[in-house]
Amino acid sequence: MKVQSYLSFEGRCDEAIAFYKKALGAEVVQLMRYSEAPAGDPEGNAEAGCAGGMPSPDKVMHSVLRVGQTELMLSDGSCSGDAEFKGIMLSLSAGNDADVRKWFDALADGGQVIQPLTPTFFTTSFGMLSDRFGVGWLLVADPAVA
């Protein structure tokens, strides 16, 4: 069994992909736009397009980003313009404090720091933030991932 995260950026997926490429060195594994979908009428399927209607052809229907050893799936979702990521955080483990700091600062750009990076009883660097899209991140130094 495999559980993966699927993030809906509500019309801002291209911006999110560019941000994660720069901030984390993410690699685009797959990207499909609505313009690539087979011809047909999505009106009978509310899940087929943005807000239940025909999506803009340039919007991201599905994408996969590789971040380190993990793949995240992203899309433009229903294109409401207001992505909400409540009650969930993505955890990013780095092999050393320098990488934790680098990724923490990059993800915090335009976002909100919840817990500044600090040493704790369980690690030398730990911090939490919400990035500019509202995605929650927990960053921790873990020498086992080096």
*Confirm whether A98 is touching a Lys or Arg at 6+ places or on another chain (Cβ under 9 Å) and either more than 26 Å from V29 (Cα to Cα) or not assigned by the TED database to the domain that holds Y6 (or both).*
no
_Cβ-Cβ under 7 Å, sequence separation 6+ or interchain: first residue in the range 119-142 and touching a residue at least 24 places away in the same chain (Cβ under 8 Å), partner of a type in the set (D, E) and surrounded by 17 or more Cβ atoms within 10 Å (Cβ to Cβ). Which pairs?_
W137/D131
*Only one of these conditions is not met by G87: (1) free of Cβ contacts under 8 Å to residues at least 40 places away in the same chain; (2) touching a helix residue (DSSP H, G or I) at 6+ places or on another chain (Cβ under 6 Å); (3) assigned to a loop (DSSP other than H, G, I, E, B); (4) within 30 Å of Y34 (Cβ to Cβ). Which number is it?*
(2)
*For residues that are surrounded by 15 or more Cβ atoms within 10 Å (Cβ to Cβ) and closer than 21 Å to S130 by Cα, tally how many sit in the range 14-39.*
8
*Kindly indicate which of G127, G68, G77 is modelled with pLDDT under 95 and over 15 Å from E15 (Cβ atoms).*
G68
*asked:* Within the range 74-83, does at least one residue satisfy the condition of being surrounded by 15 or more Cβ atoms within 10 Å (Cβ to Cβ), in the same structural domain as A18 (by the TED database), under 13 Å from Y20 (Cα atoms) and not small (G, A, S)?
replied: yes
*asked:* I'm trying to understand the selection: among the residues of the range 1-19, which are of a type in the set (S, T, N, Q) and either closer than 18 Å to S80 by Cβ or touching an Asp or Glu at 6+ places or on another chain (Cβ under 7 Å) (or both)?
replied: Q4, S8
*Quick check, is F121 at negative phi and part of a loop (DSSP other than H, G, I, E, B)?*
yes
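The values are calculated or read from the model by the stated rules, or taken from the named source; none is laboratory data. Note that the coordinates shown come from a computational prediction; the quantities given were computed from them, not determined experimentally. Reconstructed Cβ throughout: ideal geometry from the backbone, glycine too, with neighbour counts over all protein chains shown.
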